[in-house]
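First the structure, in the form of C-alpha cells, and then the observations on it.
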Amino acid sequence: VLAEGRDRIAAAEDLEAVRAVETELLGKRARLTELKQGLGGLEPDARRDAGRRLNEVRAELQEALAARRGAVEADARRARLEAERLDLTEVVTDDVLGHLHLVTQAHDQLEDVFVGMGFTVAEGPEIETEWYNFGALNFPPGHPARAMYDTLYVEFGEPESTLLRTHTSPVQMRVLEANEPPIYVVCPGRVYRSDTPDASHMPVFHQIEGLVVDRGISMGDLAGTLEAFTTAYFGGAIHSRLRPSYFPFTEPSAEYDITCVICEGEGCQTCKRTGWIELGGCGMVHPNVLRNGGVDPEEYTGFAFGFGTDRLSLMRYGISDLRDMFSNDIRFLRQF
Ligand code: PHE
C-alpha cells in the first residue's frame, strides 16, 4: 500500500491531482481505511502492532502528500514568474530632446552676426496699422507700390486701417520714433502676405530688417555692411552685389543678391544661370521716412535692408521645398 501510494503521489502533476490522490489514499473508501476497519478481527497484540504499522503508513503518506503539494505549488509559482518576467537587460534608447526650430536657429545666428558688427536687436508688432506698414514708409494712399504686397487686412476700425504686416519695414519707423541717431538695429520677425503656398512661397514667412542712421552714411556703407554680413554668415566663397530697384521708402533702392549657393552651373534651376540669387531689398532711407520718424535728413542719412530668412535657410541647407519647414514633420525637423 505504501509503495503504490508513493507512486500515485509522485505522478500527481498539479494541486487538483494531489487532492484527488489524497482522497483515494486516505479517504473513507481507501485501502488503508478498509484495513483499519479489519483490525477488529485480530488478537490484541497483533492488532496493536498492525494498528501502529497502519498509522505509520498513514503518516508517511500524509508526509509524502504534503511534500508533493509543496513541490507542485513551487512549480506553479516558478512558471508564473517566468511568464511575468521583465527583461531588464533590454536596451532602451535615450529620451529624445527637442530643439529650436530652424527659423529660430536662423534668427539667433543672424542676430549673432549683426550684434558682432555693432547692431542691437529690436522687435515690433505683427498686427500693424496702415500708417506704419505703408503710410509712414512713403507709400501715398492708392500708390501702385502697395499692390506689390498682397496685404491681409484685419477687420478692425476703419476698412483697411489695420493689417498683418507685409514686411518688417514698419519696425524702422517705430525705431526712428523711439530713438535718436546714431541708430544701428536689426529687426527679425514674422510677416504675412496672401500668397498661395508653393515650394518658394508661404503666406506666413520671416524677414530680418536692418536700419542704420548716422552722420555721413553712404551707399558704400550699405554695400560694405551687406558684403561683410554675407561672408560672415555664408563663408568667404559667397559674395554680394547690389542691383538697381525701386522701393518707396528708399532712394536709391537696390536688390541684394548673393552668389548662387546651390549653383549647378549651366543648367542651374535656382539662379537660372545668372550665378546670383536675390535675397531682398535695400537702399538709402528716403528723406520723407527720416522726417516721418522725427530725424532731420539734412543732418543724418541712413540705409536700410530687408530680406527673407526662410529662403536663407533653404540655401544654407539645400532644402528644396519651403513648405517642409512649416509642416512640423519631426523627421524633417530632426535633421537641423
Ligand atoms: N521691405 C522690403 C520688402 O519686403 C524690403 C526692403 C527693406 C527694401 C528695407 C528696402 C529697404 O520687399
**Relative contact order computed over region 228-281 (Cα-Cα under 8 Å; 6+ residues apart), in percent** = 27
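For region 105-203, which chymotrypsin sites (Phe, Trp or Tyr not before Pro) are in a loop by DSSP, counting at most 15 other Cβ atoms within 10 Å?
Within region 105-203, the qualifying chymotrypsin sites (Phe, Trp or Tyr not before Pro) (loop, at most 15 other Cβ atoms within 10 Å) are Phe156.
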**Complete:** Binned at 10 Å starting from 0, the alpha-carbon pair-distance distribution of region 128-190 in whole percents comes out as 20, 51, 25, 4
**Complete:** Residues of region 169-189 with backbone N under 19 Å of the label point set 7 Å from the Cα of Val113 along Cα→Cβ are 169, 184-189
**Request:** Report the relative contact order of the chain, percent, no decimals, based on alpha-carbon pairs under 8 angstrom and at least 6 residues apart.
**Result:** 14
**Request:** Write out the trypsin sites (Lys or Arg not before Pro) in region 184-229 meeting two conditions: DSSP loop, and at most 16 other Cβ atoms within 10 Å of their Cβ.
**Result:** Arg215
**Asked** In deg cm²/dmol, rounded to 500, what helix-only [θ] at 222 nm does the chain give when every DSSP H run of at least 4 residues adds -39500 (n - 2.57) and the total is split over its residues?
**Response** -12500 deg cm²/dmol
**Request:** Give me the distance between the Cα centres of region 96-141 and region 297-336, rounded to whole Å.
**Result:** 11
**Message:** For region 145-200, which GluC sites (Glu not before Pro) pass both filters: DSSP loop (anything but H, G, I, E, B) and at most 16 other C-beta atoms within 10 Å?
**Reply:** Glu155, Glu160
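Report the full-extension gain for the segment Glu158 to Arg80: residue separation times 0.36 nm, less the Cα-Cα distance, to one decimal in nm.
Gain on extension, Glu158 to Arg80, equals 20.4 nm.
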**Request:** Name the shape class, rounded, prolate or oblate, that the alpha-carbon gyration tensor gives for region 158-224, where a ≥ b ≥ c are the square roots of its eigenvalues, rounded holds for a/c under 1.5, and otherwise prolate holds if a/b is larger than b/c and oblate otherwise.
**Result:** oblate
**Message:** With 10 angstrom as the radius, rank Glu22, Glu111 by how many other C-beta atoms surround their C-beta, starting from the fewest.
**Reply:** Glu111, Glu22
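Per residue, what volume in Å³ does the Cα convex hull of the chain take up?
Numbers: hull volume 97.6 nm³, N = 336.
Roughly 290 Å³ of hull volume per residue.
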**Efficiency of FRET between Asp214 and His101 - r from beta-carbon atoms, R0 45 angstrom, step 0.05** = 0.85
**Item:** 5 Å binning of all Cα-Cα separations within region 149-271, expressed as whole percents from 0 upward
**Value:** 2, 8, 13, 17, 21, 17, 11, 6, 3, 1, 0
**Message:** Charges at C-beta only: +1 for Lys and Arg, -1 for Asp and Glu. How large is the resulting dipole of the chain about its Cα centre, in Debye rounded to 20?
**Reply:** 1920
**Prompt:** What shape does region 220-284 have by the C-alpha gyration tensor, where a ≥ b ≥ c are the square roots of the eigenvalues, rounded means a/c under 1.5, and otherwise prolate means a/b greater than b/c and oblate the rest?
**Reply:** oblate
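Taking 0.36 nm per residue of separation and subtracting the Cα-Cα distance, what length does fully extending Asp14 through Ser194 add? Before the final figure, lay out each step's value.
Numbers: separation 180, 0.36 × 180 = 64.80 nm, distance 7.72 nm.
My answer for the length gained is 57.1 nm.
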**Fill in**
Rounded to 0.05, the calculated FRET efficiency for the beta carbons of Ala3 and Val92 at R₀ = 51 Å is 0.35
**Request:** For region 201-225 and region 58-92, write down the distance between their C-alpha centroids in whole Å.
**Result:** 80
**Message:** Placing unit charges on C-beta atoms (Lys and Arg positive, Asp and Glu negative, everything else neutral), compute the dipole magnitude of region 111-254 about its Cα centre in debye, rounded to 20.
**Reply:** 400
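Which order results if Ser245, Ser253 are arranged by neighbouring Cβ count within 10 Å, fewest first?
On the way: Ser245 15, Ser253 19.
Lowest to highest Cβ neighbour count: Ser245, Ser253.
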**Prompt:** Between Arg52 and Asp150, how many nm apart are label points set 7 Å from Cα along the C-beta direction?
**Reply:** 11.2
**Message:** Using Cβ counts within 10 Å as a stand-in for footprinting exposure, how do Lys272, Lys28 rank, fewest first?
**Reply:** Lys28, Lys272
**Request:** Report the extension gain between Leu39 and Ala232 in nm, rounded to one decimal, defined as 0.36 nm multiplied by the number of residues separating them, less their alpha carbon distance.
**Result:** 58.2 nm
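Every read-out reported here was derived from the displayed coordinates using simple, explicitly stated rules and does not represent laboratory data. Nothing here was measured: the structure is a model prediction, and the numbers come from that model. Don't worry about glycine lacking a Cβ; one is built from the backbone with ideal geometry, like all the others, and counts go over all protein chains shown.
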